[in-house]
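Heads up, the thing below is written out as structure tokens.
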Amino acid sequence: MEIKLYLGKIPHTFIVSKYIKRFIIPLEEISTVLGSPNNFEVMKVGRSGKLFNYVIETDESNPAAIVELKEDSGLRFYAKNRGSYGFSSFVAGYPDSQISKGVITLIAKKCDKPPYTGYYLNSFWGYPVDPEPFTPNLDRDKVEKSVEFWSKKAYRCEGRAVDLTQILVPYDEYQKYGAEKIHFLQKALSSGLAFIGRCNLSDTFQQTYISPDGKYAVLRSDNG
């Protein structure tokens, strides 16, 4: 089965296989959004082999879960997603006006089996993201790329299950803003937080090291 979708003003032919039920976004919804020429912003992001990601920004869904870090974009901190063994980058209080909405990523694998031309297709809401640096089995180059990516981007903490046993806040921010910032973070995480010391974080965001002059203030939920 072939369908034609418009990425901006340009039509592309996509091949939909028997695995269509694996679509995270229903094909009917994609066709409604991209079935005619449009003014959506489109980016093509290269991936290894014959995989490409077409990123289309629309007004069709909830705010993005991952945001670009900018000056005054909220309070940044590190914590673990529940069940994770490494520290992710988070931000609380990110301005709604700066959050991208309605981002569709089409994962397209170029077809080279005659008589078909075009791309095999799958899709999801949101941007394609690099794995976090603590992801198992990443080689050194991918770890470096991941660290660069996550140094400039972060999860919004809203709606995420954050492990509250260790919250790492840059110590200079903790010292400068003190109670005001901690009160703000407590509200965002729906938990009281107590200062328990200072630490440094490993390059791969995986381990913490207690240090009296550490870069991060360590906070812990006081709810046990």
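Things worth noting here:
- Cross-link table LYS110/LYS152; LYS9/LYS142; LYS70/LYS109; LYS109/LYS152; LYS101/LYS153, entries beyond 25 Å C-alpha to C-alpha: LYS110/LYS152; LYS9/LYS142; LYS70/LYS109; LYS109/LYS152
- Contour excess over end-to-end distance, with Cα ends at ASP59 and LYS109 and 0.36 nm allotted per residue: 15.4 nm
- Relative contact order [Cα under 8 Å, 6+ residues apart], the range 90-137, whole percent: 33
- Placing unit charges on each Cβ (+1 for Lys and Arg, -1 for Asp and Glu) gives the chain a dipole about its Cα centre, and among VAL169, THR32, SER73 the Cα reaching farthest toward its positive end belongs to THR32.
- Per-residue extension of 0.36 nm, minus the Cα-Cα distance of GLU144 and PHE52, leaves a gain of 31.0 nm for this segment.
- Stretch in the chain that is longest and holds no chymotrypsin sites (Phe, Trp or Tyr not before Pro) that DSSP places in a loop and that have at most 14 other beta carbons within 10 Å: 117-224
- From helices alone, the chain scores -5000 deg cm²/dmol at 222 nm; the rule is -39500 (n - 2.57) for each run of n ≥ 4 DSSP H residues, then divide by the residue total.
- Net length gained if the chain between TYR209 and GLN98 were fully extended (0.36 nm per residue, minus Cα distance): 36.5 nm
Computed from the coordinates by the stated procedures, all read-outs in this text should not be read as laboratory data. Predicted, not measured: the structure shown is a model, and the values here were computed from it. When we count neighbours, we look across all protein chains shown, and the Cβ atoms used for this are built from the backbone with ideal geometry, even at glycine.
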